[in-house]
Amino acid sequence: MTALLSFRDIWVEFGDRIILEKINLDIAEKSIVSIVGPSGAGKSSLLRLVLGQQAPSRGRILLDGAPLASECGPDRGVVFQRYSVFPHLTALQNTMFGIECAKAPLTARLFGSARRAAREEAVAMLEAVGLGHSLDQYPAELSGGMQQRLAFAQALIKRPRILLLDEPFGALDPGIRADMHALVRRLWREHGLTIMMVTHDLREAFSLGTRVLAIDKVRHDPHAPHRFGAKVVYDLPLRQRDESEGLEGAEDAAPEKEPVPDQAHPQAVAH
Ligand SMILES: Nc1ncnc2c1ncn2[C@@H]1O[C@H](COP(=O)(O)OP(=O)(O)OP(=O)(O)O)[C@@H](O)[C@H]1O
């Protein structure tokens, strides 16, 4: 496996509190890695490392074998649980804003043919996420699911290679979640994305992921609980979904996806 992203002996510490310890991971290109674990284990911290919002206390993160740039560039996109769109901009303006920032970093404004091209690109992206009829609506006029669709459009318009999802469906009700899962699966395939997704929902982790990572503390000192951090305790590669499989019924088919045979009874990762 050629890793797109590699974590090499990564530690995250805040003062004398160890959050993550000795994380060694290779993330394959075009995989969907679901990250699960108890609250406070350090799942979001793992994503923040990739986003460049958090520097490791020790260790290195490599992208294509080279040190990951600490400033988050267009190669990395993110969607959070809470709608991260701008309330004062319409859906179209929100989506165009990403292109304008990338192409005109100082003014975030494009003119003439560049602006027309950006508009066309943004309209196509909004159509792709199912918001083709809501171009001129403001976020407050959109439902929660529609706002998350807009957040995906905003993230994907910059053509990231890595998409980081932090509980992206946590605020949505179950019916809408199923639609969003189908959307993510389609966008993943069409855009050749590599996705790292934090979720508290195990079913979601297994139904969407091509690999599930569980992180947790394996050592506890009752007198100093902060002295040990979380590690990867389970690492389960899952059978890839058949590319020809339709989206309809994908949620129903998901439970049939199994760990690959030699991982069917996963052992805790050796430490
Ligand atoms: N900037 C910071 N300074 C100090 N402590 C921090 C900082 N950021 C995160 N932490 C601590 O690191 C730990 C891990 O936080 P993180 O958000 O990564 O956990 P999580 O697994 O995503 O939790 P949850 O599932 O509840 O969202 C928490 O105890 C948190 O308080």
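Can you return the lysines within cross-link range of residue 158? Criterion is Cα-Cα under 27 Å, with same-chain partners fewer than 8 residues away left out.
Output for residue 158: 30, 43, 103.
Under a Cβ-only charge scheme (Lys and Arg +1, Asp and Glu -1), can you give me the dipole magnitude of the chain about the Cα centre, in debye to the nearest 20?
For the chain, the charge dipole is close to 860 debye.
Go through 46-58, 151-163 and give me the packing order, highest mean Cβ count within 10 Å leading.
Descending mean neighbour count gives 151-163, 46-58.
In sequence order, what are the phi-derived ³J(HN,Hα) couplings for the range 7-13 according to the Karplus relation 6.51 cos²θ - 1.76 cosθ + 1.60 with θ = phi - 60°, rounded to whole Hz, with x for glycine and proline?
Whole-Hz 3J(HN,Hα) from phi for the range 7-13: 9, 10, 6, 8, 10, 10, 10.
Projecting each Cα onto the charge dipole of the range 57-122 (Lys/Arg +1, Asp/Glu -1 at the beta carbon, about the Cα centre), which of 117, 66, 77 comes out farthest on the positive side?
Going by the Cα projections, it comes out as 77.
Quick one: Debye curve from the C-alpha atoms of the chain, no solvent, what's log10 I(q)/I(0) at q = 0.10 Å⁻¹?
For the chain, the Cα-only Debye profile gives -0.54.
Rg to Rh ratio, the range 108-200, alpha-carbon atoms and Kirkwood radius?
Result: Rg/Rh = 0.98.
Taking Cα centroids, how far is the range 168-212 from the range 1-69 in Å?
Distance between centres, Cα-based: 20 Å.
Return, for the Cα atoms of the range 1-160, the radius of gyration and Dmax in Å, separated by a comma.
In Å, with Rg to one decimal and Dmax whole: 18.1, 54.
Rank 164, 224, 90 by how far each Cα sits towards the positive end of the charge dipole of the chain (+1 on Lys, Arg Cβ; -1 on Asp, Glu Cβ) and give me just the farthest.
224
Can you compute the helix-only [θ] at 222 nm over the chain? Use -39500 (n - 2.57) per DSSP H run of at least 4 residues, normalise by all residues, nearest 500 deg cm²/dmol.
Taken over the chain, the calculation gives -9000 deg cm²/dmol.
Nearest 20 debye, what's the magnitude of the dipole of the range 67-193 about its Cα centre given +1 on Lys and Arg Cβ and -1 on Asp and Glu Cβ?
In total the dipole reaches around 320 debye.
When the Karplus curve 6.51 cos²θ - 1.76 cosθ + 1.60 is applied with θ = phi - 60°, which whole-Hz ³J(HN,Hα) does each residue of the range 153-167 get, with x for Gly and Pro?
Coupling constants for the range 153-167: 4, 4, 6, 7, 5, 8, 6, x, 8, 10, 10, 9, 10, 10, 6 Hz.
What does the charge dipole of the range 175-246 about its Cα centre add up to, to the nearest 20 debye, if the Cβ of each Lys and Arg holds +1 and the Cβ of each Asp and Glu holds -1?
220 debye
The numbers here are math on the coordinates, done by the rules we state, and not lab data. Note that this is a predicted model, so its numbers are computed, not measured. Positions of Cβ are backbone-derived with ideal geometry, glycine not excepted, and every protein chain shown enters the neighbour counts.
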